[in-house]
Amino acid sequence: MQAFFSSLSSQFYISFVDQNRWQSYIKGLGVSFLVTIGALAIGIVIGILVAICRTAHDQKKGRINPLLSVINRICIIYTTVIRGTPMMVQLLINGFVVFVSSRNLIGIAILTLGINSGAYVSEIIRSGIMSIDPGQMEAGRSLGLPYRTVMSKIIIPQAIKNVFPALGNELITLFKDTSLVTVIGLTDLTKAAMQIQARTYQAFMPYLCIAGLYLVCVLIMTKILGTVEGRMRKSERR
Amino acid sequence: MNADNELIRIEHLQKRFGGNLVLKDVNEHILEGEKVVIIGPSGSGKSTLLRCLNLLETPTSGHIYFEGKDITAKKTDINAVRCQMGMVFQHFNLFPHITVRENITLAPVETHHMNKEEANEEASKLLTRVGLLDKADAYPSSLSGGQQQRIAIVRALAMHPRVMLFDEPTSALDPEMVGEVLEVMKELADSGMTMAVVTHEMGFAREVADRVLFCADGGIQEEGSAEEIFSHPKNPRLRDFLSKII
């Protein structure tokens with residue numbers, strides 16, 4: 001029993017204290033966060049644009065707008081391809097084919113995860129837009145407001161509110177999926193643990209530690225998302 | 001027919017939904033200051049007719065002239081036309097995510113008809129007129145149906161429209177709330193506003209209408225003063241309709 005504990009404490013020493021290895025975890029976590037935030041920003045921008053293009057096309061009555069049809073087709077191809085291929089494969093393609101000469105690994109990771117996330121976010125937001133009563137659009141238009149203004153001031157704010165839990169879910173998935181960026185050689189939290197394992201032959205402590213770190217971060221995000229959601233809902237009933 | 005004070009003229013208006021011809025060749029006009037009430041059985045096309053006036057429905061063929069300009073023409077700035085046509089819906093359609101005051105000021109400010117202060121002042125004035133100034137900072141969901149519909153009327157009025165279109169404004173209300181909305185509409189009528197009202201409130205039609213249109217089978221079957229329509233109906237469909245609802 002004592003041997004077990006002394007072995008544990010020596011494992012702990014090697015995995016975290018020796019050569020200030022704990023700093024690697026912190027740095028890795030920072031990279032994971034950076035990639036998450038960057039990808040989230042790109043994902044939401046792409047998601048909203050794609051969702052608007054697709055609903056604008058679907059809700060168009062009467063005359064067919066050829067430009068809008070082409071854009072709609074492109075959006076459908078985008079979501080189909082991105083949702084139909086594994087994210088790791090997308091990372092490998094962007095890292096070793098498309099941007100093979102670039103050394104900006106963080107940039108590649110953010111771009112790839114952002115493009116990937118955009119496909120999912122667009123479907124979430126599209127469902128949100130379609131959940132809004134068509135009467136809202138009619139009321140806005142009947143007041144003389146252009147389609148663009150009704151969308152940005154009336155439809156999108158309500159749609160985002162409705163799909164906020166699903167968007168939060170997407171954020172959490174995105175954060176955990178950043179562990180895949182190890183395949184292009186970016187030192188995120190998972191890669192940090194892998195490197196320490198390679199140097200120290202210790203697997204138990206590093207991997208359990210990062211699992212715990214991911215979990216704690218997700219718990220904190222869940223808490224924040226819940227608070228924000230509660231605040232959004234409260235403004236409605238007073 | 002081509003009177004000087006004609007505000008809206010409808011010529012050979014047709015509307016088709018897929019294979020269903022909802023309006024067949026409607027010819028009508030609305031004079032400045034006139035109160036026109038449109039009655040008829042459900043599915044007769046009366047709501048579609050009203051919604052064609054501000055192009056919420058695009059006519060399949062025919063022309064609609066507003067202040068002499070053909071608004072069905074391709075190059076028409078439809079938003080500019082709609083600024084002058086207020087519309088009130090059966091289900092109010094207030095914007096639930098913003099306050100009553102923001103509901104009212106959104107359109108005037110966004111279309112640059114007023115700046116923020118002017119719009120706020122206008123909102124306060126109109127809310128006072130319908131007796132709801134104390135609800136200015138409330139959210140629509142906290143209001144009763146009657147209150148919401150009065151706010152919806154105010155929201156349309158804030159754009160200073162030349163004509164108000166009412167699409168069954170009291171049909172979704174509890175009976176005890178119908179009166180307060182009709183009261184606002186009557187007051188509006190007395191102030192000289194041009195109004196086109198689709199409704200099942202025959203009492204309101206009798207009291208306010210300058211002209212009543214009876215709509216059935218995709219066309220205007222009979223029109224005349226409230227007295228003529230209600231007391232001396234000629235068309236058998238109209239007689240049948242009136243016998244069912246009164």
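The values are calculated or read from the model by the stated rules, or taken from the named source; none is laboratory data. Being a predicted model, the structure only gives us computed values, none of them experimental. Note that each Cβ is placed from the backbone with ideal geometry, even for glycine, and that neighbours are counted across all protein chains shown. The area values use the complete protein model at the heavy-atom level, side chains included, leaving out ligands, DNA and RNA. Shrake-Rupley method; radii C 1.70, N 1.55, O 1.52, S 1.80 Å.
Some values worked out for this structure:
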{"item": "All positions within the stretch B:31-41 that are under 20 Å from residue B:66 (Cα atoms) and either out of contact with any Leu (no Cβ under 6 Å at 6 or more places or on another chain) or open to solvent by 10 Å² or more (accessible area, probe 1.4 Å) (or both)", "result": "B:31, B:32, B:33, B:34, B:35, B:36, B:37"}
{"item": "Out of B:173, B:126, sole residue that is modelled with pLDDT of 95 or more, more than 12 Å from chain A (Cβ to nearest Cβ) and farther than 17 Å from residue B:194 by Cα", "result": "B:126"}
{"item": "Filter result for the condition that a residue is open to solvent by 60 Å² or more (accessible area, probe 1.4 Å) and either in a helix (DSSP H, G or I) or more than 14 Å from chain B (Cβ to nearest Cβ) (or both), over A:202, A:195", "result": "A:195"}
{"item": "From B:158, B:136, residue being under 13 Å from residue B:101 (Cβ atoms), within 11 Å of chain A (Cβ to nearest Cβ) and not aromatic (Phe, Trp, Tyr)", "result": "B:158"}
{"item": "Some residue of the stretch B:86-108 being open to solvent by 20 Å² or more (accessible area, probe 1.4 Å), polar (S, T, N, Q) and more than 26 Å from residue B:146 (Cβ to Cβ)", "result": "no"}
{"item": "Wholly enclosed strands (runs of 3 or more DSSP E) of the stretch B:33-94 bearing at least 2 residues touching a residue at least 60 places away in the same chain (Cβ under 8 Å) and touching a strand residue (DSSP E or B) at 6+ places or on another chain (Cβ under 8 Å)", "result": "B:35-39, B:85-88"}
{"item": "Condition broken by residue A:186, with the remaining ones in (1) within 14 Å of another protein chain (Cβ to nearest Cβ); (2) open to solvent by less than 20 Å² (accessible area, probe 1.4 Å); (3) in contact (Cβ under 8 Å) with a residue 12 or more places away in the chain satisfied", "result": "(1)"}
{"item": "Subset of the stretch B:189-227 (residues that are in a loop (DSSP other than H, G, I, E, B), touching a Pro at 6+ places or on another chain (Cβ under 9 Å) and open to solvent by less than 10 Å² (accessible area, probe 1.4 Å))", "result": "B:199"}
{"item": "From the options A:234, A:223, residue that is within 14 Å of another protein chain (Cβ to nearest Cβ), open to solvent by 60 Å² or more (accessible area, probe 1.4 Å) and not β-branched (Val, Ile, Thr)", "result": "A:234"}
{"item": "Boolean, residue B:106 is facing another protein chain (nearest Cβ under 9 Å), at pLDDT 95 or above and in contact with a helix residue (DSSP H, G or I) (Cβ under 8 Å, 6 or more places away or on another chain)", "result": "yes"}
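Table: residues versus (1) surrounded by fewer than 18 Cβ atoms within 10 Å (Cβ to Cβ); (2) touching a residue at least 12 places away in the same chain (Cβ under 8 Å); (3) more than 14 Å from chain B (Cβ to nearest Cβ); (4) not in a helix (DSSP H, G or I).
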{"residue": "A:126", "(1), (2), (3), (4)": "no, yes, yes, no"}
{"residue": "A:151", "(1), (2), (3), (4)": "no, yes, no, no"}
{"residue": "A:164", "(1), (2), (3), (4)": "yes, yes, no, no"}
{"residue": "A:178", "(1), (2), (3), (4)": "no, yes, yes, no"}
